[in-house]
Amino acid sequence: MAEKTFDQILLESVDDALASLGDSAKQAIYFHLQNRFKVEKKDIPKNLRNFATGLERIFGAGAKFIEIIIMKKLHEKVGKSLRWDESKELVFTEYVAAAKQAFIRKETN
């Protein structure tokens with residue numbers, strides 16, 4: 001079987017995180033992301049900022065909770081420690097970028 005791309009791993013992580021809220025909630029979130037924010041599920045890796053904005057508009061402060069679940073799932077799947085400046089605030093889009101760099105480093109080693 002071919003190795004998964006980072007985008008596939010990210011989509012799986014998002015799907016797993018949203019599934020933890022229940023299947024009907026997951027489907028509703030994808031529906032609102034697509035219809036209100038023009039972010040289709042398959043395009044989340046390319047539209048990460050719009051995805052994060054959509055979550056924030058749907059859930060308000062609760063979006064951080066979902067982002068943390070996605071980050072945990074992503075960390076499990078990438079399986080590599082990330083280089084992260086502990087003094088910086090944890091920002092979802094920056095974390096995903098750091099995870100992608102860790103994934104690329106893992107693939108090239």
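Only one residue in E67, E94 is within 12 Å of the chain's Cα centre (by Cα), in contact (Cβ under 8 Å) with a residue 24 or more places away in the chain and surrounded by 13 or more Cβ atoms within 10 Å (Cβ to Cβ), so which one is that? Exactly one residue qualifies, and that residue is E67.
Which one is nearest to L10 (Cα to Cα), of the residues in the stretch 70-109 that are in contact with a Ser or Thr (Cβ under 7 Å, 6 or more places away or on another chain) and modelled with pLDDT of 90 or more? Ranking the qualifying residues of the stretch 70-109, first place goes to L74. On inspection, K26 passes the criterion of being modelled with pLDDT of 90 or more, part of a helix (DSSP H, G or I), in contact with a Ser or Thr (Cβ under 9 Å, 6 or more places away or on another chain) and more than 18 Å from K4 (Cα to Cα). Residues that are part of a helix (DSSP H, G or I), surrounded by 15 or more Cβ atoms within 10 Å (Cβ to Cβ) and either without any contact (Cβ under 8 Å) to a residue 12 or more places away in the chain or touching a His at 6+ places or on another chain (Cβ under 9 Å) (or both) within the stretch 35-58 comprise D43, G54, E56, I58, listed in sequence order. Within the set T108, T53, T93, the sole residue that is in contact with a Leu (Cβ under 8 Å, 6 or more places away or on another chain) and among the β-branched types (V, I, T) turns out to be T93. Looking only at the stretch 2-23, which residues are more than 14 Å from the chain's Cα centre (by Cα) and not in a loop (DSSP other than H, G, I, E, B)? Residue satisfying the conditions is D23 alone.
Does E67 fit the bill of being at pLDDT 95 or above, charged (D, E, K, R) and at negative phi? The answer is no for E67.
The values are calculated or read from the model by the stated rules, or taken from the named source; none is laboratory data. Predicted, not measured: the structure shown is a model, and the values here were computed from it. Note: ideal-geometry Cβ built from the backbone for every residue, glycine included; neighbour counts use all protein chains shown.
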